[in-house]
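Written out below as structure tokens is the structure these notes cover.
The values are calculated or read from the model by the stated rules, or taken from the named source; none is laboratory data. Computed from a predicted model, the values in this text were never measured in an experiment. Backbone-built Cβ (ideal geometry, glycine too); neighbour counts: all protein chains shown.
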Amino acid sequence: MSYTKTEENYLKAIYGLESKFGKEVSTNELANKLKTKASSVTDMVKKLAKKELITYEKYKGVSLSKKGKNIAISIIRNHRIWEVFLVEKLHYKWDEVHEIAEQLEHIKSDELVDRLDDFLEHPSFDPHGDPIPDREGNIPVRKQAVLLSELAKGESGILVGVKNTHNEFLQFLEEMNLTLGKKIEVEKVFDFDKSKVIKTSKQTVTISKEVSSFLIIEKINS
């Protein structure tokens with residue numbers, strides 16, 4: 001059975017919210033995520049429930065069925081593989097690929113995505129550091145990953161991902177020369193606001209607590 005782009009976007013949004021909060025998703029949360037009316041969300045979740053893609057009980061929220069979860073993971077896999085292709089092979093910047101991948105993720109061809117995955121030599125993470133599910137839906141996990149905000153003075157690691165993928169934030173990181181693969185060492189933490197002085201191979205800069213809470217670091221053991 002094939003599904004509409006809207007249905008797939010709902011499944012992907014539910015998956016993201018379930019993963020983030022670890023509980024059923026309310027229709028209001030889903031409406032905020034998708035920037036639509038709560039009444040529209042209610043209509044759609046009823047349709048998805050009839051197709052056995054979700055379970056929905058009024059006032060208790062929405063959760064994905066096994067079938068719905070598999071579809072959501074497949075869409076996420078497609079999206080992230082396309083982002084890798086756009087950055088590595090077509091030389092788009094990491095702040096340019098999300099909207100394009102949003103369109104490409106709905107192409108109905110598992111064979112195409114599998115061939116693309118083979119061509120790219122099976123990347124585990126996309127250009128923003130997000131994990132790419134494999135063909136079986138297994139999701140890679142970084143063993144030493146922490147937020148930069150959690151690092152103390154003297155600790156260091158490699159920048160491997162970002163939790164904020166808004167274009168403005170990615171462009172800010174580009175301006176700051178803080179891109180994936182950079183080694184970062186914490187030189188100082190200010191008690192007043194928990195901002196940090198960090199050192200890379202080329203510069204020393206001060207970043208806010210908010211920025212450091214969006215940067216995923218793979219720690220280097222001392």
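Data for the structure
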item	result
Single condition Val84 does not satisfy, out of (1) touching a helix residue (DSSP H, G or I) at 6+ places or on another chain (Cβ under 7 Å); (2) closer than 28 Å to Leu180 by Cβ; (3) among the hydrophobic types (A, V, I, L, M, F, W, C)	(1)
Ser149, sole failed condition from (1) crowded, with 18+ Cβ neighbours inside 10 Å; (2) in a helix (DSSP H, G or I); (3) in contact with a strand residue (DSSP E or B) (Cβ under 9 Å, 6 or more places away or on another chain); (4) outside the structural domain of Ser213 (by TED's automatic domain parsing)	(4)
Some residue of segment 124-132 being under 13 Å from the mean Cα position of the chain (by Cα), over 20 Å from Gly181 (Cα atoms) and assigned to a loop (DSSP other than H, G, I, E, B)	no
Residue check for Val84: under 15 Å from the mean Cα position of the chain (by Cα), over 19 Å from Gly16 (Cα atoms) and of a type in the set (Val, Ile, Thr)	yes
Tabulated pairs, segment 84-108, first at pLDDT 95 or above, second β-branched (Val, Ile, Thr) and assigned to a helix (DSSP H, G or I), C-beta under 7 angstrom, 6+ apart or interchain	Leu86/Ile100; Trp94/Val87; Val97/Val87; Glu105/Ile75
Residue satisfying condition, being of a type in the set (Lys, Arg) and either in contact with a Gly (Cβ under 9 Å, 6 or more places away or on another chain) or within 30 Å of Asn221 (Cα to Cα) (or both), within set Arg115, Arg80	Arg80
Flag for Ile216 being touching a residue at least 40 places away in the same chain (Cβ under 8 Å) and either within 21 Å of Trp82 (Cα to Cα) or acidic (Asp, Glu) (or both)	no
Residue match in segment 186-203 (condition: closer than 21 Å to Leu86 by Cβ and exposed (fewer than 15 other Cβ atoms within 10 Å of the Cβ))	no
Residues being of a type in the set (Phe, Trp, Tyr) and within 24 Å of Glu136 (Cα to Cα) - total across segment 74-93	2
Answer residue from segment 62-114, given it is among the polar types (S, T, N, Q) and in a helix (DSSP H, G or I) and is surrounded by the most Cβ atoms within 10 Å (Cβ to Cβ) among those	Asn78
